[in-house]
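Beneath this line is the structure, given in structure tokens, with notes to follow.
What follows is calculated from the coordinates using simple rules that are stated; it is not laboratory data. All of these numbers come straight from a predicted model, not from anything done at the bench. Every residue, glycine as well, gets a Cβ built from its backbone with ideal geometry; the counts of neighbours run over all protein chains shown.
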Amino acid sequence: MEKAKIRSTTVIAVKKDGKVAMAGDGQVTLGDTVCKGNARKVRKIYNGKILTGFAGSVADAFTLLDKFEEKIKEFNGDLTRSAVELAKMWRTERSLQKLEAMLIVADKSKILLISGDGNVIEPENDVLAIGSGGNYAYSAALAYLECSNYSAKEIAEKSLSIAGNICIYTNHNVTAEVLE
């Protein structure tokens with residue numbers, strides 16, 4: 001059975017000039033109805049050293065964020081090892097296998113995508129985006145990285161704004177966090 005397409009938000013992470021920024025929109029939908037416009041899908045954890053963002057089912061995402069935070073503490077802030085261990089747990093533990101969400105996690109040196117099919121992906125171009133407007137935000141961010149002097153945070157926010165103009169599941173109520 002094919003997994004359902006996650007069409008409920010947009011989250012983007014951008015790394016530039018030694019800084020990492022992550023931004024997410026605030027829209028929560030139930031089917032085709034907007035239920036909330038100011039949700040916070042991007043957070044700092046581990047004493048402000050790691051950024052997390054999610055797309056998909058909110059309850060599922062919070063379960064995964066809790067598990068990721070446990071792994072980060074267990075592995076003393078090692079982002080890659082924590083992400084790999086979460087992906088393995090997500091894939092093998094029966095209680096987690098049906099969770100429908102995706103996570104982006106980042107520290108100062110890297111950005112990672114963690115998905116339920118066991119993938120942990122580090123982007124080639126210092127940009128990662130998830131959710132229904134992810135491809136729009138990703139494309140915009142690549143263009144801004146190549147052709148502008150904007151900071152990582154400005155690129156994330158402007159790219160998310162473009163996604164919000166195109167994707168009906170993405171709004172303009174943006175939460176952004178930066179690691180410097």
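A few comments on the model shown:
- Taking other Cβ atoms within 10 Å as a rough exposure proxy, 93, 177 sort from fewest to most as 93, 177.
- Dipole magnitude for the range 10-179: about 320 debye, using +1 per Lys or Arg Cβ and -1 per Asp or Glu Cβ, origin at the Cα centre.
- In angstrom, the C-alpha Rg and Dmax of the range 1-88 are 14.3, 42.
- Under 18 Å of direct C-alpha separation, and excluding same-chain neighbours fewer than eight residues apart, residue 16 reaches these aspartates and glutamates: 107, 122, 124, 126, 146, 154, 157, 177, 180.
- Highest GNM mean-square fluctuation among 99, 51, 160, for the chain modelled with Cα contacts below 10 Å: 99.
- Farthest toward positive dipole pole in the range 10-179 [+1 Lys/Arg, -1 Asp/Glu at C-beta], among 164, 87, 130: 87
- Using a cut-off of 28 Å between Cα atoms, the listed pairs 36/153; 98/158; 36/71 include 98/158; 36/71 as exceeding that distance.
- Counted without the sites themselves, the longest stretch of the chain free of trypsin sites (Lys or Arg not before Pro) in a DSSP loop having at most 14 other beta carbon atoms within 10 Å is 109-180.
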